[in-house]
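Where a number appears in this text, it was derived from the coordinates with a stated rule and is not lab data. In this text the structure is predicted, and so the values were computed from the model without any measurement. Please note: Cβ atoms are built from the backbone with ideal geometry, for glycine as well, and neighbour counts cover all protein chains shown.
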Amino acid sequence: MRQAGRYLPEYREIRTKVGSFLNLCLNSELAAEVTLQPIRRFGFDAAIVFSDILIIPYALGQKVEFVEGEGPNLQPIDNTEALNRLDARPAEIKLTPVYETIDRVVSALNGKVPLIGFCGAPYTVATYMVGGGASKDQAETRLWAYREPKEFGRLIDLLVETSARYLLGQVKAGASALQIFDSWAGSLPEDEFARWCIFPTKALVDRVRAEAPDVPIIGFPRGCGPLSRRYAEETGIDAIGCDQGLPLDWIKTHLQDLVTVQGNLDPVLLVAGGRRVDERVREILDALSPRPFVFNLGHGILPETPIAHVERLLSLVRGG
């Protein structure tokens with residue numbers, strides 16, 4: 001549920017001490033602490049390492065900043081010259097703090113709770129790198145992919161290889177499972193979805209599986225609707241994250257015969273709370289839990305979510 005974050009007061013206390021968000025991601029001691037905070041408070045069934053999908057552009061040498069109140073700000077990679085400046089050679093050194101965070105967390109969890117590592121999918125990470133930050137429609141990235149598919153393909157290939165090495169580094173450090181977040185996959189039409197989402201994700205999964213065949217991999221192609229089935233069929237993932245836009249009957253019929261599913265309570269509903277949360281949780285459990293299923297939100301938990309609502313959700317899921 002993007003466990004560590006602004007909804008926890010203990011997280012906010014640490015966040016005020018470190019300056020930039022990127023500094024926190026690269027401080028293995030504090031990143032380990034905020035990874036563990038929700039486990040201590042709620043006893044979740046798994047921990048998720050505290051980091052960010054934009055650690056990869058940073059590792060490749062792109063200028064990455066997180067501006068308070070605005071979000072990520074990157075120096076755009078939108079032409080051949082800028083693309084040529086990216087350098088994968090020092091990436092492993094720059095990613096070392098994340099591996100150190102994982103090592104600290106795994107030691108603290110002492111085998112009692114598994115840790116999930118993650119990365120952004122190549123297309124989603126590319127949207128930030130090309131557009132210079134978050135975008136409502138990823139238009140700059142899509143335009144470059146249409147106009148210069150070979151050059152955009154070079155960026156995707158670089159992200160596949162760098163992300164694969166990053167995920168394998170997380171496994172080596174102690175991650176028990178991996179997740180690939182394709183948060184902006186839903187902006188692509190069907191043919192481009194195959195080219196820039198499915199094929200690169202399959203390449204990434206294959207690359208990881210070659211060296212870590214037993215580590216479960218979860219894919220999350222947010223917003224892609226019925227294309228989720230093709231994604232599940234062709235990428236080789238073990239489980240698929242489902243956003244709140246996917247109907248429960250469709251998930252049960254079209255996905256649960258292929259892979260474990262994860263999701264899909266609306267994060268806004270969790271903020272609202274009340275009886276409707278109870279009803280929706282029961283609807284999700286009744287529809288999906290008889291088959292392989294991980295209860296989760298349809299996307300990350302929102303910063304304004306009351307802690308009492310999270311506690312109530314856990315009680316409902318656990319049968320309280």
Here the net charge surrounding Thr101, from other residues whose Cβ is less than 14 Å away from its Cβ (Lys, Arg +1; Asp, Glu -1), is -2
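Please report the orientation-averaged projected area of the chain, defined via the convex hull of its C-alpha atoms, in nm².
Answer in nm², one decimal: 15.2.
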Note to self: C-alpha centroids of the range 206-281 and the range 102-133 sit apart, in Å, by 17
Through the Karplus equation 6.51 cos²θ - 1.76 cosθ + 1.60, θ set to phi - 60°, convert the phi angles of the range 37-51 into ³J(HN,Hα) values in whole Hz; use x for Gly and Pro. 4, x, 5, 5, 6, 10, x, 4, 7, 8, 9, 10, 4, 7, 6
What do you get when you divide the Cα radius of gyration of the range 254-306 by 2.2 N^0.38 Å, with N the number of residues? 1.20
Cβ-derived FRET efficiency at R0 25 Å, Arg230 paired with Glu279, nearest 0.05: 0.20
Dipole moment magnitude, nearest 20 debye, the range 174-219 about Cα centre, only Lys, Arg, Asp, Glu C-beta charged: 120
Ordered by number, the trypsin sites (Lys or Arg not before Pro) in the range 70-123 that occupy a DSSP loop and have at most 14 other Cβ atoms within 10 Å are Arg85, Lys112
Using the Karplus curve 6.51 cos²θ - 1.76 cosθ + 1.60 with θ = phi - 60°, what ³J(HN,Hα) values do you get for each residue of the range 12-18, in whole Hz, with x for Gly and Pro? 4, 4, 5, 4, 6, 8, 9
Please give every one of the lysines within straight-line cross-link reach of Lys202, meaning a C-alpha to C-alpha distance under 25 Å, and leave out same-chain neighbours fewer than 8 residues apart. Lys150, Lys172, Lys252
In debye, nearest 20: dipole of the chain around its Cα centre with unit charges on the Cβ of K, R (+) and D, E (-)? 500
Using amide H atoms built 1.01 Å from N in the peptide plane, name the residues 5+ places from Asn73, or on other chains, whose amide H lies under 5 Å from its own. Glu65, Phe66, Val67
Which number comes out as Rg/Rh for the range 7-84 once both Rg and the Kirkwood Rh are worked out on C-alpha atoms? 1.06
Largest-first principal axis extents of the Cα set of the range 159-256 (Å): 37, 26, 18
Taking 0.36 nm per residue of separation and subtracting the Cα-Cα distance, what length does fully extending Ser20 through Glu311 add? 101.8 nm
Under 5 Å between amide H atoms, partner at least 5 residues away or on a different chain: which partners does Thr260 have, H built in plane at 1.01 Å? Ile240
Helix-only [θ] at 222 nm, the chain, -39500 (n - 2.57) per DSSP H run of 4+, per residue, nearest 500, equals -15000 deg cm²/dmol
Selected from Asn264, Asn79, Asn296 as most flexible by GNM, with the chain as the system and alpha-carbon contacts under 10 Å: Asn79
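Among DSSP bridges having both ends in the range 52-199, what percentage is antiparallel? Round to the nearest 5.
If I count the DSSP bridges inside the range 52-199, around 50 percent turn out antiparallel.
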